[in-house]
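Structure in structure tokens, see below.
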Amino acid sequence: MSRYVTVNTDMWNERMFRKMPRSSQDLYMYLFTCPESNQAGFFRLPAEDLEARRGKEALDDLIKGSPFYMYDAEYELVFLPQFLKYNAAKTTNQITGVNRVVAALDECDMMVDFYLAFLKYGGKKAVKMAEPRVKEYVAKQAIYRGTKEAEELATIITAPLEETKQIQNKT
């Protein structure tokens, strides 16, 4: 099945992206558009598949990570933190679709990273619409992180939807 993603040319002007080695930029573009990618920018990609398609250097680069991509080798999950910046879920149906995609993945610490990005680029409503099992897991993991952003995420993701509307009105 064909699907479309927006490849926003502004990323080429981002300082972090320009400073990345060319091989890392190429890897990011591959991950952004590969067949496994989805509307969340958070997907399963076995290491051997990436190595077979892009070579050992790309696999090593992915495992090393960057501000533009993260890899969890245990669960074989890729997360593209900047993906939602350029492909934000804006409608209720899009937000629901993104949350369903994430709920189908194995629970791992990167879910906190995903929901921090989803909060940043999708807003509180997007995070509040997470599946109940995911909300519980992400809230616990976020609290363990102990950062201000993660604690805020834990508060928002566990608040009832009506309370979230009140929080949004105050900000």
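The values are calculated or read from the model by the stated rules, or taken from the named source; none is laboratory data. Here the structure is a predicted model, which is why all the values come from computation and not from measurement. Cβ coordinates were reconstructed from backbone atoms using ideal geometry, including for glycine residues, and neighbour counts include every protein chain displayed. Note: accessible area is taken over every heavy atom of the protein model, side chains too, but ligands, DNA and RNA are not part of it. Shrake-Rupley method; radii C 1.70, N 1.55, O 1.52, S 1.80 Å.
To the nearest 10 square angstrom, how much accessible area does Arg18 have with a 1.4 angstrom probe?
140 Å²
Okay, moving on. Ignoring everything except DSSP H segments at least 4 long, calculate the 222 nm mean residue ellipticity for the chain; use -39,500 (n - 2.57) per segment, divide by total residues, nearest 500.
Counting only the DSSP helices, I get -17500 deg cm²/dmol.
Put +1 on the Cβ of every Lys and Arg and -1 on every Asp and Glu Cβ in the range 1-102; which of Val5, Tyr71, Tyr30 then has its Cα farthest towards the positive end of the dipole?
Among Val5, Tyr71, Tyr30, the one farthest towards the positive end of the dipole of the range 1-102 is Val5.
If we restrict to alpha carbons, what Rg and Dmax does the chain come to, in Å?
Cα only, the chain: 16.2, 51 Å (Rg, Dmax).
Take Asp10 and Asp49, extend 7 Å from each Cα along the Cα→Cβ direction, and tell me the distance between the two endpoints in nm.
Between Asp10 and Asp49, the simple spin-label model gives 3.0 nm.
Between rounded, prolate and oblate, where does the range 69-115 land on the alpha carbon gyration tensor, with a ≥ b ≥ c its root eigenvalues, rounded for a/c under 1.5, else prolate if a/b exceeds b/c?
It is oblate, given that a/c is not under 1.5 and a/b is not larger than b/c.
Can I ask one more? For the range 20-112, what is the charge dipole size about the Cα centre, in debye to the nearest 20, if Lys and Arg each add +1 at the Cβ and Asp and Glu each add -1 at the Cβ?
With only Lys, Arg, Asp and Glu charged at Cβ, the dipole is about 540 debye.
State the Cα centre-to-centre distance between the range 12-43 and the range 65-84 in whole Å.
That distance is 10 Å.
Something else about it: Put +1 on the Cβ of each Lys and Arg and -1 on the Cβ of each Asp and Glu in the chain; which of Asn87, Asn99, Tyr144 then has its Cα farthest toward the positive end of the dipole?
Asn87
Turning to a different aspect of this structure: Would you please give the residues with an amide H less than 5 Å from that of Leu77, counting only those at least 5 places away or on a separate chain, with H modeled from the backbone geometry?
Residues meeting the criterion, in which the H sits 1.01 Å from N, are Leu45, Asp72.
With all protein chains present, calculate the accessible area of Asp26 using a 1.4 Å probe and round the result to the nearest 10 Å².
The accessible area of Asp26 comes to roughly 60 Å².
Please enumerate, by chain and number, the aspartates and glutamates with C-alpha under 17 Å from the C-alpha of Lys56, excluding those fewer than 8 residues away in the same chain.
Asp26, Glu48, Asp72, Glu76
Name the helices (complete DSSP H segments) of the chain with a Cα length along the long axis of 18 Å or more and a Kyte-Doolittle mean of at least -1.0, or state none.
The answer, listed by residue number, is 132-145.
So which lysines can Lys135 reach, going by Cα to Cα under 24 Å and dropping same-chain residues fewer than 8 places off?
Lys85, Lys90, Lys120, Lys124, Lys125, Lys148, Lys165, Lys170
Next question, about the same structure. Stretched out fully, how many nm does the piece from Thr33 to Thr155 gain, at 0.36 nm a residue minus the Cα gap?
Using 0.36 nm per residue and subtracting the Cα-Cα distance, I get 40.6 nm.
Okay, moving on. Mean separation of Cα pairs under 8 Å and 6+ residues apart, divided by the residue count of the range 1-151: what relative contact order is that in percent?
After rounding, I find 19 percent.
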